[in-house]
Every structure is written in structure tokens, then in C-alpha cells.
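As C-alpha cells, the structure follows; a few thoughts come after it.
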Amino acid sequence: MVDRLLTNIMVGDLQASRDFYIGLLDLKLHFESDWYVILTDREARRFELGLIDRGSDLIPAAQQGRPAGAYLTFVVPDADAVYQRALDRNCEILQAPRDEFYGQRRFLTLDPDGLMIDISAPTAPPPQED
């Protein structure tokens, strides 16, 4: 049984990544040290995002490279509003907002370490599962 899920991403500049996620997604700083940060949503702490300095002794040297093979999706009430914040912060945009066939409006951007970030908002009720 799982009691808690905490997603950690390795970052090259802890403060730049902290500021990126707080500024873009209005996250709350829950914990901060010189090598690790935990961010949460402002309301109910429904999720936690950990940022760890990739040079930390806790990260094996062979794993300290740039992110690859994964991306983070944040479901928000209004993807266009977050897109405007991304533009205001000069974020690199990979894909402007568009409506997708599966009932989401989304855009893609990169975090300071080049990790792809998918910002999505529902545009239709979710499909019914059988």
C-alpha cells in the first residue's frame, strides 16, 4: 500500500526552478533547504513536487544528467491564463494552447532544466469508463 506519492525532479539551479514553478503555477513553498525544496498547491496539499539539487550526494553520479523520457502534467482550471503567465515570464513555449481531441486544452513549455511541462485544462466532461 502507498501512503504518499512525492514526485522529485533533479534540477541544476534550485532557486531558479523554485521560482519557475511558484511563479508559473502559483504553488506554495512547503519546505526549503540548500539542497531540497518541496512545493505544494495552495489549498489542500493535494500534491507535492520535490526539487532536488542534481549535484546532491543523494543522487548517484550516473543519474545527475538532464531530464529525459518524462514530463510533468499540471491540470489547471484555465490553461490560457497560465499560458499568459508563461509568456510574461519568457518561458520557452513548445506548443501554444490548443484544444485536444480527448477534451483538454493544453500547452507545452520547458522548465529551467529542459523538462517538458504540459499545462492542461478540461474542455469537456471526461469520457465515461466502462
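How about segment 1-74: which strands (runs of 3 or more DSSP E) wholly inside it have at least 1 residues that are out of contact with any Cys (no Cβ under 8 Å at 6 or more places or on another chain) and polar (S, T, N, Q)?
So the answer is 7-11, 36-40.
Contact list please: Cβ distance under 7 Å, first residue in segment 19-48 and in contact (Cβ under 8 Å) with a residue 60 or more places away in the chain, second residue surrounded by 13 or more Cβ atoms within 10 Å (Cβ to Cβ) and among the small types (G, A, S), pairs at least six apart or on different chains.
These pairs meet every condition: L24/A86.
Criterion first (on the phi > 0 side of the Ramachandran plot and not hydrophobic (A, V, I, L, M, F, W, C)) does G103 satisfy it?
For G103, the condition - on the phi > 0 side of the Ramachandran plot and not hydrophobic (A, V, I, L, M, F, W, C) - is met.
Taking the conditions exactly as written (hydrophobic (A, V, I, L, M, F, W, C), at pLDDT below 95 and out of contact with any strand residue (DSSP E or B) (no Cβ under 8 Å at 6 or more places or on another chain)), does A62 satisfy them or not?
yes
Test G50 against the criterion of being under 11 Å from the mean Cα position of the chain (by Cα) and farther than 27 Å from A124 by Cβ, and give yes or no.
Yes.
Name the one entry in D80, D53 that is in contact with a helix residue (DSSP H, G or I) (Cβ under 9 Å, 6 or more places away or on another chain), in contact (Cβ under 8 Å) with a residue 24 or more places away in the chain and more than 14 Å from Y21 (Cα to Cα).
D53
The values are calculated or read from the model by the stated rules, or taken from the named source; none is laboratory data. Fair warning: this is a prediction, and the values are worked out from it, not measured in the lab. Cβ: placed from backbone, ideal geometry, glycine included. Neighbour counts: every protein chain shown.
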